[in-house]
1. Pairs only if they're at least six apart or on different chains, beta carbon under 9 angstrom, first in region 248-264 and at positive phi, second buried (at least 20 other Cβ atoms within 10 Å of the Cβ) and in a helix (DSSP H, G or I); list them, first residue then second.
2. Report, by residue number, each residue of region 167-224 that is within 25 Å of Leu137 (Cβ to Cβ) and either without any contact (Cβ under 8 Å) to a residue 24 or more places away in the chain or among the charged types (D, E, K, R) (or both).
3. Please find, among Gln216, Gln172, the residue that is of a type in the set (S, T, N, Q), surrounded by fewer than 17 Cβ atoms within 10 Å (Cβ to Cβ) and modelled with pLDDT under 95.
4. Find the residue count for region 145-159, including only residues that are crowded, with 24+ Cβ neighbours inside 10 Å and closer than 19 Å to Ala91 by Cβ.
5. For region 28-44, name all the residues that are within 25 Å of Pro67 (Cβ to Cβ) and crowded, with 21+ Cβ neighbours inside 10 Å.
6. Name every residue in region 175-189 that is surrounded by 15 or more Cβ atoms within 10 Å (Cβ to Cβ) and not hydrophobic (A, V, I, L, M, F, W, C), in order of residue number.
7. Pick out the one residue from Ala167, Ala147, Ala162, Ala158 that is within 17 Å of Val86 (Cα to Cα), modelled with pLDDT of 95 or more and among the aliphatic types (A, V, I, L, M).
8. For Val256, indicate whether it is modelled with pLDDT of 95 or more, part of a helix (DSSP H, G or I), of a type in the set (A, V, I, L, M) and surrounded by fewer than 11 Cβ atoms within 10 Å (Cβ to Cβ).
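The values are calculated or read from the model by the stated rules, or taken from the named source; none is laboratory data. Since the model is a prediction, treat every value here as computed from it, not as a measurement. Neighbour counts run over all protein chains shown; Cβ positions are idealised from the backbone, glycine included.
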Amino acid sequence: MTEAVSDQVWFITGAGSGFGLALSRAVLARGGRVAAAVRSVEDPVVVALREAGQERVCFPQLDVTRPEEVRRGVDQAVAQFGGLDVVVNSAGRGSFGSLEETPDTEVRDLFEVNVFGSLNVIRAVLPILRKQHRGHLVQFSSLAGIAPAAPGLASYAATKFAVEGFAEVLSQEVAHLGIGVTIVEPGDFGTGFGGALHVTPPALPDYADSVGRAAQAFASMDPALLGHPDKAAAAIIDAVTSGSPPLRLALGDDAVDAIKTKLSNHLSEARTWEGVGRGMH
């Protein structure tokens, strides 16, 4: 049976912008309670969310890359609301550049936020969800976590492939405890990465026709073709409260189409080379 959002407490990271902000607004609009985790309580969106939610919203201030801050934020949410129903790993950052030219520091920072930041949140909330014997984890991935759509996304895609892997296995580890997992795979949406997008322009001429062209296409993308975060938020809430939440939720026509094509091609290639791959024992 579908559980009413008004009965739920949602802990949402990255709530100051993008999908996290859209989800926070949507849950509050449906009568739910939200622990909107932000990096700064001085952010103007905090005022707007507080006005929308009143006593139904709190603002844990945290950086997901700092485990002690995450634990304090989770403790704050539980102290105010008494428990957690849905935990959303929305905080993240983007990166664009050729694999050869993207600095190691950028790749490591990307993994620190997208992968280890997500792990910090999951490890902080699992003791609570296990004790409750219920709860749902929503892990943001990306179309790039299944079918990277363009050159220049290697480092970003690597982090999203990583979260896809740990979230899928996690779902098997905690299902018997009454804890569900949904991996969200958005295509191109008008989030702007909340300004958290690092671009390494291709300097080597050999990448002009691949990464360079992709960068130009990215910069000139028609905003009208981008998905609306509010629609994504509504879809996520509907899926989580459906009574039978999916393991994976692709969002946007581009994501649905590209993922279907990727999986179809993967299956076709597996069948083509099946004879070579079998008989190894």
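1. Gly252/Leu143; Gly252/Ala232
2. Residues satisfying the conditions are Glu168, Val169, Gln172, Glu173, Ala175, His176, Glu185, Asp188.
3. Details: Gln172 fails: modelled with pLDDT under 95.
Answer to the selection: Gln216.
4. Step one: filter region 145-159 for residues crowded, with 24+ Cβ neighbours inside 10 Å, giving 145, 152, 155-156, 159.
With closer than 19 Å to Ala91 by Cβ added as a condition, the list becomes 145, 155-156, 159.
Looking only at that region, the number is 4.
5. The first filter runs over region 28-44 and keeps only residues within 25 Å of Pro67 (Cβ to Cβ), leaving 33-43.
Within region 28-44, Arg33, Val34, Ala35, Ala36, Ala37, Val38 meet the criteria.
6. Scanning region 175-189 gives Gly180, Thr182, Glu185, Pro186, Gly187, Asp188.
7. Details: Ala147 fails: within 17 Å of Val86 (Cα to Cα); Ala162 fails: within 17 Å of Val86 (Cα to Cα); Ala158 fails: within 17 Å of Val86 (Cα to Cα).
Among Ala167, Ala147, Ala162, Ala158, only Ala167 is within 17 Å of Val86 (Cα to Cα), modelled with pLDDT of 95 or more and among the aliphatic types (A, V, I, L, M).
8. On the way: modelled with pLDDT of 95 or more: yes; part of a helix (DSSP H, G or I): yes; of a type in the set (A, V, I, L, M): yes; surrounded by fewer than 11 Cβ atoms within 10 Å (Cβ to Cβ): no.
The answer is no for Val256.
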